[in-house]
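The structure appears below as structure tokens.
The values are calculated or read from the model by the stated rules, or taken from the named source; none is laboratory data. For clarity, every value in this text was computed on a predicted model and none was experimentally measured. Positions of Cβ are backbone-derived with ideal geometry, glycine not excepted, and every protein chain shown enters the neighbour counts. Heads up: the accessible areas ignore ligands, DNA and RNA and are worked out on the full protein's heavy atoms, side chains in. Shrake-Rupley method; radii C 1.70, N 1.55, O 1.52, S 1.80 Å.
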Amino acid sequence: MRALIFLYAFLAGAISNAAFAAEPRTAAAVVAADDAWGSAEVMGDAAFVDALLMPEYRSVGADGHVTDKATIVAHTRSHAKSPEFAAKVVAWKDAHPERADVTLFGDTAIVRWISTKPGGGDPVASCDVFVYRGGRWRAIYSQHTSVFG
């Protein structure tokens, strides 16, 4: 029994240390943070989204509507582990292929999600701004367009 407790404590510490390991200041790390954000929203992991978004975070939709961090976190919590929501996200992503284009400016990164839909040119679908704080990339702003209609 003591061995199991030790193993559990060791694994918990390893997972905890991995979760808080410093992320590199690279474009790939920013894209990984952005991808993890999307996965966390689909899975309903409000704690992850809350930790990723800066307190001042704002998202501006294509219609100009501004959404704050608290609303995003609450929305994430509301569809925790919803297979219906996950299916909608997968269907939307399949219909709207895009690629990331990252520009780094020291401790700031701009991630432009560009449509790769054939015949669609190279329009920007959305833009996320991250800042490097406490050894990791955190989102501070998002802007979405109506490129997908």
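Residues in region 20-47 that are modelled with pLDDT of 90 or more and among the charged types (D, E, K, R) were compared, and the one that is surrounded by the most Cβ atoms within 10 Å (Cβ to Cβ) is ASP34.
One line per residue, one yes/no per condition, for (1) part of a loop (DSSP other than H, G, I, E, B); (2) modelled with pLDDT of 85 or more; (3) open to solvent by less than 60 Å² (accessible area, probe 1.4 Å); (4) under 15 Å from THR145 (Cβ atoms):
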site	(1), (2), (3), (4)
THR71	no, yes, no, no
HIS75	no, yes, no, no
ALA80	yes, no, yes, no
PHE85	no, no, yes, no
VAL102	no, yes, yes, no
ILE110	no, yes, yes, yes
ILE114	no, no, yes, yes
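So is TYR141 in a strand (DSSP E or B) and surrounded by fewer than 18 Cβ atoms within 10 Å (Cβ to Cβ) or not? Here the answer is yes, as TYR141 does meet what is asked.
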